[in-house]
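The values are calculated or read from the model by the stated rules, or taken from the named source; none is laboratory data. This is a predicted model, so every value here is computed, not measured. Positions of Cβ are generated from backbone atoms using ideal geometry, with glycine treated the same way; all protein chains shown enter the neighbour counts.
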Amino acid sequence: MKLNLVEIAEITKGQLYGDDVSVDGLSTDTRNMQADVLFIALVGDSYDPHEMIEAGKASKAAAVLVQQKVNTTIPQVVVKDTYKALQQLAAAWRKRFNLPVIGVTGSNGKTSVKELIKQILSTQGNVLATVGNLNNHIGVPLTLSNLNESHRFAVIEMGANHAGEIAALAKIAEPNIGVITNIGPAHLEGFGSIEGVVHAKAELYQNLSANGVAVINADEHYREELEKFIGDRMQISFGIEKHADVSGKQISSDQVEIITPIGEIRVKPQVPGMHALLNILAATAVGLALGLDLEDIKTGIEKTIAVPGRLVMVEGLAGASVLDDSYNANPASLAAALDVQAQEPGEHWLVLGDMGELGDEGVFMHKKAAEVAKEFGVTRLFAYGELTKHSVEEFGTGAAHFNNHSKLIEKLQEELSAGVCVLVKGSRAMQLEKIVAGIRTNKITTNKKLNDKANGQNNMEHNEHVA
């Protein structure tokens, strides 16, 4: 983003104090600030960056955007609300570019689908895409602020835990194509019910441009409800079980077939499982909506690697295997991960952390998680977190609860052996990547090896994992 302070003051309805200098980009973190940026003071519950500015921590910045005038020699623009101003700047900057913008949301699989779309579109030119999981009211504007003339496409991941948040992000990003991966019981605390989740995610379709394209999951239980928000816009469906514009099937341990209106292709994805196939089909639908040929779509899919912490198989201690899905969790993504684990030989163990933001359903969902784990053949449950105490109670023999990471790691280090596959799964707040670090070697099991093990995946449940 390249703007001068007069423009910034006009966009944000702020007051400029000091020289009218130009800025080259935005920053909200004094720790990794580049020179010549506009530092935006986003006040937190226990952090006031205005104090940091006065202490000289933002001295690299060309200017600062603040909610109150501060004592500094750096030019400053004072606004009523720096969060709102950040979003206003991003929206104004996005309007300067005439390029396809793809919005991606859903209860599970957002990040994986975003990465697939990014790689597919990269066969055509430079792509701006959400980095990591910067998918909220701060991350989306910061991502869009990086748009420049070299970009041919933008792929924006959109997350939410309350109604209205996706709509707000879509108004900033103005997507031409919207993808909803699926609907599941995630963030029920904020949405209130599964119906609340449906309506919140559907805000993406509702805010597409009039000639936009809605990419919809044909296998989704709530498809009919979602379609009410599409209106007269074009839609492209993807799925495995139900009739869809883009469908697919597993044809061997390491190869899938994708069937589209313009032909069929066989690809060798680097991530196994039917959950991954659904992600691939969603991304393929986006490629078709943008007129890509099947060979370019195939190239992009085969270049896409697993996202760290999302169903990545690594070598564990004592010859065990560790299925690292520690990045986040909800009931649907847990079922998907257990489904992938079920294709692995040997004994199956589960390290389960609390699944957050389930509201009044929390206790029930954690008891249900234990039932589901047993149904998938899990013989040992290692639990961490308050809610997983209910999982341990429901699981019974073979389950144990731990109050800290170190004790859990110590127990696993003592008991892991060759022939054991342990799935590590929990919400972000559980920090279960620490468990993975404590029980793995430094080697990553190649996706080919994992795929070679994964036989019979056509019978798997069609759930997505958290992204």
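Is it the case that the range 400-421 has a residue that's at pLDDT 95 or above, crowded, with 19+ Cβ neighbours inside 10 Å, β-branched (Val, Ile, Thr) and in contact with an Asp or Glu (Cβ under 7 Å, 6 or more places away or on another chain)? Looking for residues that are at pLDDT 95 or above, crowded, with 19+ Cβ neighbours inside 10 Å, β-branched (Val, Ile, Thr) and in contact with an Asp or Glu (Cβ under 7 Å, 6 or more places away or on another chain), one finds at least one in the range 400-421, hence yes.
The residue of the range 262-290 that is modelled with the lowest pLDDT, among those that are out of contact with any strand residue (DSSP E or B) (no Cβ under 8 Å at 6 or more places or on another chain) and not in a helix (DSSP H, G or I), is Pro272.
Matching residues to (1) over 30 Å from Glu415 (Cβ atoms); (2) crowded, with 24+ Cβ neighbours inside 10 Å:
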| position | (1), (2) |
| --- | --- |
| Thr299 | yes, no |
| Glu302 | yes, no |
| Leu317 | no, no |
| Glu344 | no, no |
| Met355 | no, yes |
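Being polar (S, T, N, Q), modelled with pLDDT of 95 or more and within 16 Å of the chain's Cα centre (by Cα) is a description that does not apply to Gln124. Can you work out which of the residues in the range 90-121 that are of a type in the set (S, T, N, Q) and buried (at least 19 other Cβ atoms within 10 Å of the Cβ) is modelled with the lowest pLDDT? Only one residue tops the list, namely Asn108. In the range 377-397, the residues that are modelled with pLDDT of 95 or more form Cβ pairs under 8 Å with partners that are assigned to a strand (DSSP E or B) and of a type in the set (Phe, Trp, Tyr), at six or more places apart or across chains, as follows: Val378/Trp349; Thr379/Trp349; Arg380/Trp349; Leu381/Trp349; Phe382/Trp349; Phe382/Phe402; Ala383/Phe402; Tyr384/Phe402.
Of all residues in the range 291-307, those satisfying the criterion of being under 22 Å from the mean Cα position of the chain (by Cα), among the aliphatic types (A, V, I, L, M) and not in a helix (DSSP H, G or I) are Ile305, Ala306, Val307.
Selection of first residues in the range 179-192 that are in the same structural domain as Asp219 (by TED's automatic domain parsing) and under 18 Å from Gly103 (Cβ atoms) and of second residues that are acidic (Asp, Glu) and at pLDDT below 75, restricted to Cβ pairs under 7 Å at least 6 apart or on distinct chains, gives the following pairs, ordered by first then second residue: Thr181/Glu464; Asn182/Glu464. Candidates Val322, Val256, Val351: the one that is of a type in the set (A, V, I, L, M), under 20 Å from Ser391 (Cα atoms), modelled with pLDDT of 90 or more and assigned to a strand (DSSP E or B) is Val351.
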